[in-house]
Amino acid sequence: MSDVIAQSVYTPSPYREAAEAFIGDLRREYTGDNYWLQPDCLDMPTLWIGQRDLLPLLRFLKSEISQPFAMLYDLSAIDERLRSNRGKGERKQPESDFTLVYQLLSFERDLFVRIKVALPESRLSAPSATPVWACANWYEREAWDLFGIEFIGHPNLRRIMMPPTWRGHPLRKEHHARATEVDPFTLSADKQREEQQALLFKPEEWGMARANDSSEFMFLNLGPNHPSVHGVFRVALQLDGEQIVDAVPDIGYHHRGAEKMAERQAWHSYVPYTDRIDYLGGVMNNLPYVLALEQLAGIEVPPRAQTIRVMLCELFRIASHLVFYGTFAQDVGQMSPVFYMFEDREKLFGIVEAITGGRMHPAWFRIGGVAQDLPHGWDRVIREFLDYLPARLREYEGMVIDNKILQKRTRGIGVYNTAEALEWGITGPGLRATGLEWDLRKRRPYSGYDQFEFDIPVYDGGDCFDRCRVRVEEMRQSLRIIRQCLDNMPGGPYKSDHPLTTPPRRSGTMHDIETLIQHFVNNSWGPVMPAGESCFPVEATKGLNSYQIVSDGGTNAYRNRIRTPSFPHLQMIPLMSRGLLVSDLIAIIASIDFVMADVDR
């Protein structure tokens with residue numbers, strides 16, 4: 001491919017300089033000229049590369065380029081066969097039936113880049129990136145499971161989301177999206193025998209040996225129905241006595257096709273589905289979705305709406321961390337804290353309900369702003385909570401953090417360093433607990449976060465205890481941000497007047513028929529988003545979360561990829577737990593802070 005350089009903005013203006021610096025370094029330092037730089041990518045630089053040249057480019061970007069891209073942030077695919085808007089002339093994307101999409105992150109550049117590989121349906125395969133990044137393992141299994149793309153050299157390419165007996169690949173365009181599109185389910189005797197046979201545990205299929213030279217191993221299922229695995233999650237344990245030889249996570253029990261649902265829902269009617277991803281994060285899930293759409297459509301969000309969003313997001317960060325804090329202490333044997341912390345969470349939900357009308361899942365953010373303005377008296381309830389919680393956090397610190405038994409159970413347990421965290425795709429508090437001071441709200445500010453004063457809590461132990469301490473300090477920083485929202489709430493509109501906002505502002509609907517029709521159409525069918533692609537990561541409660549949205553110029557998504565932090569985090573369990581005891585694994589699982597809906601989607 002020839003290197004076609006378009007005179008366009010590759011990223012939003014705050015990051016244009018970093019993007020141009022990367023492109024300049026790529027031209028100078030990369031010896032190959034076999035890539036094509038896709039124009040008109042407003043979110044990040046995007047390179048197309050051939051199958052044969054993929055791994056050399058990935059290795060170069062990870063290790064050889066100046067200020068390298070140490071993390072494989074995401075790996076997904078697109079079924080292109082029904083897509084009609086792929087650009088024109090020199091700007092037209094290469095022909096492909098399927099496209100592999102790799103997203104890389106450089107912490108030194110504060111920059112994301114996207115690598116694309118065009119795949120014909122007749123040769124639906126690519127070399128495995130597991131020799132380059134360990135975390136590519138699960139991402140490649142997911143792409144094979146949901147799209148049928150084979151990765152040559154993968155150590156154990158098998159289904160990860162769907163049951164082993166599933167027929168087909170659900171994110172292909174020909175696969176049905178609703179149960180009503182197929183015949184009613186029946187369970188014949190042969191089908192029942194097949195399903196029962198598939199449930200048989202065979203250690204070799206999990207990469208585990210039955211014995212070593214001195215003893216036979218015991219195999220134990222932790223989950224999928226066990227209170228300590230925090231959801232429908234299974235860990236297959238290979239034990240030598242009580243010592244863990246290997247611990248292999250098994251996910252997918254909570255998978256419900258959230259990405260497939262986006263292909264049938266209107267842009268604005270999909271907002272409530274985002275709430276159910278990290279179901280403890282509330283509106284924090286709405287934010288990357290609406291930001292990606294606003295970036296795609298060129299919608300400028302008013303300052304008041306941005307500040308309201310920040311305030312609600314930080315309230316939900318505290319709510320999520322309170323759940324973590326209480327259950328973390330409970331999992332290592334301390335029963336009282338969780339009851340106190342859930343009481344505080346209820347107070348917080350009372351505030352959320354007063355503002356939004358909802359509690360856990362308010363689905364309150366909208367394309368272009370928020371659903372409605374702040375109600376009368378909002379400042380009073382916020383101020384009361386800000387005055388109330390700090391003393392409670394001090395009390396919890398004496399109850400949990402200073403508890404010597406908890407410290408002995410969690411210090412030096414589940415340790416990993418910064419390099420290992422980057423290798424496995426760890427973000428958020430789990431990364432900052434290794435000593436890396438990196439927070440997306442500071443390094444790539446969005447929604448006006450650059451206007452707020454707050455610190456990035458960092459500890460360097462990389463163990464269960466420090467992962468807890470980071471989150472405790474984050475709650476205090478969230479209180480600082482919320483207080484600044486309270487004291488400096490801008491005036492003005494709570495939603496943009498852009499024609500693609502949803503629902504449109506009602507002013508004028510009773511004055512002329514054209515505005516009334518536009519309001520009705522946008523509420524029923526939804527807006528028509530421009531054709532293109534957009535991805536907007538945010539610092540969510542558990543790490544980096546983003547929606548990679550592909551629009552074909554219609555009223556719903558052609559492809560909606562959800563990158564969640566919990567998915568790569570669970571993949572690291574074997575590394576963190578080998579050689580420890582089963583009781584240590586419980587502390588490790590608690591310290592990760594995940595929800596299975598965030599993993600399985």
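Since every read-out is calculated from the coordinates, none of them should be taken as a lab result. What you see is a predicted model, and the numbers here were worked out from it, not measured in a lab. Virtual Cβ from ideal backbone geometry, glycine too; neighbours counted across all protein chains shown.
Between A433, F452, F465, whose Cα lies farthest towards the positive end of the dipole of the stretch 433-478 when Lys and Arg beta carbons carry +1 and Asp and Glu beta carbons carry -1, centred on the Cα centre?
Most positive-ward Cα: F452.
Once you sort the root eigenvalues of the Cα gyration tensor of the stretch 121-204 as a ≥ b ≥ c, which label holds: rounded (a/c under 1.5), prolate (a/b larger than b/c) or oblate (the other case)?
oblate
Determine, from the Cβ-Cβ distance of R193 and R411 and an R0 of 56 Å, the FRET efficiency 1/(1 + (r/R0)^6), rounded to the nearest 0.05.
Computed FRET efficiency for R193 and R411: 0.70.
Evaluate the charge dipole of the stretch 137-204 about its Cα centre and quote only its size in Debye, nearest 20, assuming +1 on the Cβ of each Lys and Arg and -1 on the Cβ of each Asp and Glu.
Charge dipole of the stretch 137-204: 60 debye, to the nearest 20.
Would you mind checking the pairs K173/K542; K260/K347; K191/K260 and listing those with alpha carbons more than 28 angstrom apart?
The pairs that break the limit, which is 28 Å between Cα atoms, are K173/K542; K260/K347.
Within the stretch 164-259, report the GluC sites (Glu not before Pro) that DSSP leaves as loop and that have at most 15 other Cβ atoms within 10 Å.
E174, E242
If you average the sequence gap of Cα pairs under 8 Å that are 6 or more apart and divide by the length of the chain, what percent do you get for the contact order?
In percent, rounded to a whole number, it is 16.
Does the stretch 13-152 come out rounded, prolate or oblate by the C-alpha gyration tensor, with a ≥ b ≥ c the root eigenvalues, rounded set by a/c under 1.5 and, if not, prolate when a/b is larger than b/c and oblate if not?
oblate
If you keep only loop residues by DSSP, which trypsin sites (Lys or Arg not before Pro) in the stretch 19-98 have at most 16 other Cβ atoms within 10 Å of their Cβ?
Sites meeting the loop and neighbour criteria: R52, R81, R86, K88, K92.
Pop out the ³J(HN,Hα) list for the stretch 151-160 in order, Karplus 6.51 cos²θ - 1.76 cosθ + 1.60 with θ = phi - 60°, rounded to Hz; leave Gly and Pro as x.
10, 5, x, 5, x, 7, 7, 9, 4, 10
Per the helix-only calculation at 222 nm, which mean residue ellipticity applies to the chain, given -39500 (n - 2.57) for every DSSP H run of n ≥ 4 and division by its residues, nearest 500 deg cm²/dmol?
When only DSSP H runs of four or more count, the value is -11000 deg cm²/dmol.
If you keep only loop residues by DSSP, which GluC sites (Glu not before Pro) in the stretch 79-109 have at most 16 other Cβ atoms within 10 Å of their Cβ?
Of the GluC sites (Glu not before Pro), the ones in loops of the stretch 79-109 whose Cβ has at most 16 other Cβ atoms within 10 Å are E95, E108.
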